[in-house]
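*Asks:* Below: one structure in structure tokens.
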Amino acid sequence: MDEAQITNRLMTLWGGTGQDATLEVADMEAAGRIRSRMHQLRAGAGDRVAGRKIGFSNRTLWPLYGVDGPIWNYVWDSTVIEAEAGVAEIPLHALPEPRIEPEIVLHLARAPEPGMNEADLMGCIDRIAHGCEIVVSVFPEWRFSAAGATAAYGLHGRLVVGPWFETHRNPQALAAQLSDFGVALRRDGALLDSGHARNVLGGPLSALRHLVETLAQEPDPAPLQAGEIISTGTLTDAHPVQPGTVWSTEFQGISLPGLEIRFV
């Protein structure tokens, strides 16, 4: 397939249950062009960008998935689920090979700029939340290249966002917490995995800085804007989910409540 055919195929698969083992994206430059074209098509169809997701920011996972660095893609308003009470129910019928990833989500009050340190970046954030991204693979058995994952909407399926907490009350303390906290991931009450802030490139603020610097070097992506949300990457491995299971999270070292997600 050429890039136009791959784009059309991915647009067809978006939001459906289909997979395609024949999709092959030549390299990261081709993946960037496909991502830009898909962004144009979705925006033209009336979808609104809610923010960005950073994929593979957890360096411990690179050997497992055959990648050597983070990727990014867009998050759309149609894929964001607000769990204001910390509880959500997610249908899985339209999500191919879904997996769950506990993350930190940042809300931008103003656009960050290249060269900012973490204190400067913290000043661009007015709210944070705990989120869980439901990642998917249009490639059977999660076999893909980094370029393929980038082109295929960064493997993004849904983003569950918990209660928002304003950062202005004590930004310095919160910035410190964002670099040194832990999270526990449970399935049906049993501990399945645990993670730490440092897993995502040293912390969520470091992950944001990486995204800002990456966007500044790429030829045509839309720059970050005030009002966007940034999903900073999974703190644990990405675990397969099935209907009928309940997943929950619990934090240590940061004042964020966990989430409870039931899959149906």
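The values are calculated or read from the model by the stated rules, or taken from the named source; none is laboratory data. Keep in mind that what you see is a predicted model, and the values were worked out from it rather than measured. For neighbour counting, all protein chains shown are included, and Cβ atoms are generated from backbone atoms with ideal geometry for every residue, glycine included.
*Asks:* Any chance segment 150-167 includes a residue that's modelled with pLDDT under 95, charged (D, E, K, R) and over 23 Å from ASP27 (Cα atoms)?
*Replies:* Yes, some residue in segment 150-167 is modelled with pLDDT under 95, charged (D, E, K, R) and over 23 Å from ASP27 (Cα atoms).
*Asks:* Next question, about the same structure. Identify all residues within segment 166-204 that are surrounded by fewer than 20 Cβ atoms within 10 Å (Cβ to Cβ), in contact with a strand residue (DSSP E or B) (Cβ under 6 Å, 6 or more places away or on another chain) and touching a residue at least 60 places away in the same chain (Cβ under 8 Å); write none if there are none.
*Replies:* Within segment 166-204, GLY182, ALA184, ARG186, ARG187 qualify.
*Asks:* Among the residues of segment 208-223, which ones are under 12 Å from ASN73 (Cα atoms), out of contact with any Pro (no Cβ under 6 Å at 6 or more places or on another chain) and hydrophobic (A, V, I, L, M, F, W, C)?
*Replies:* The answer is LEU211, ALA222.
*Asks:* All but one of (1) modelled with pLDDT under 95; (2) out of contact with any His (no Cβ under 7 Å at 6 or more places or on another chain) hold for ARG52, so report the exception by its number.
*Replies:* Answer for ARG52: the failing condition is (1).
*Asks:* Go through segment 141-164 residue by residue and tally those that are buried (at least 21 other Cβ atoms within 10 Å of the Cβ) and either acidic (Asp, Glu) or in contact with an Asp or Glu (Cβ under 6 Å, 6 or more places away or on another chain) (or both).
*Replies:* 2
Listed here are the residues, each with its yes/no results for (1) among the small types (Gly, Ala, Ser); (2) under 30 Å from TRP247 (Cβ atoms); (3) within 18 Å of the chain's Cα centre (by Cα).
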| site | (1), (2), (3) |
| --- | --- |
| HIS107 | no, yes, yes |
| LEU121 | no, yes, no |
| SER137 | yes, yes, yes |
| PRO140 | no, yes, no |
| PHE144 | no, yes, yes |
| GLY148 | yes, yes, yes |
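*Asks:* Can you pull out every residue in segment 252-264 that is in a strand (DSSP E or B) and either of a type in the set (A, V, I, L, M) or touching a Cys at 6+ places or on another chain (Cβ under 8 Å) (or both)?
*Replies:* Result: ILE261, single match.
*Asks:* From the list ALA226, ALA207, pick out the single residue that is more than 24 Å from ASP68 (Cβ to Cβ) and not acidic (Asp, Glu).
*Replies:* None of the others qualify; the one that does is ALA226.
*Asks:* On to the next question. Could you check segment 53-69 and list, in sequence order, the residues that are in contact with a helix residue (DSSP H, G or I) (Cβ under 9 Å, 6 or more places away or on another chain) and either among the hydroxyl-bearing types (Ser, Thr, Tyr) or surrounded by fewer than 23 Cβ atoms within 10 Å (Cβ to Cβ) (or both)?
*Replies:* Within segment 53-69, SER57, ARG59, THR60, LEU61, TYR65, GLY66, VAL67, ASP68, GLY69 meet the criteria.
*Asks:* Now, a different point. Could you check segment 53-68 and list, in sequence order, the residues that are assigned to a loop (DSSP other than H, G, I, E, B) and either of a type in the set (A, V, I, L, M) or out of contact with any Lys or Arg (no Cβ under 9 Å at 6 or more places or on another chain) (or both)?
*Replies:* Of everything in segment 53-68, those that are assigned to a loop (DSSP other than H, G, I, E, B) and either of a type in the set (A, V, I, L, M) or out of contact with any Lys or Arg (no Cβ under 9 Å at 6 or more places or on another chain) (or both) turn out to be PHE56, SER57, VAL67, ASP68.
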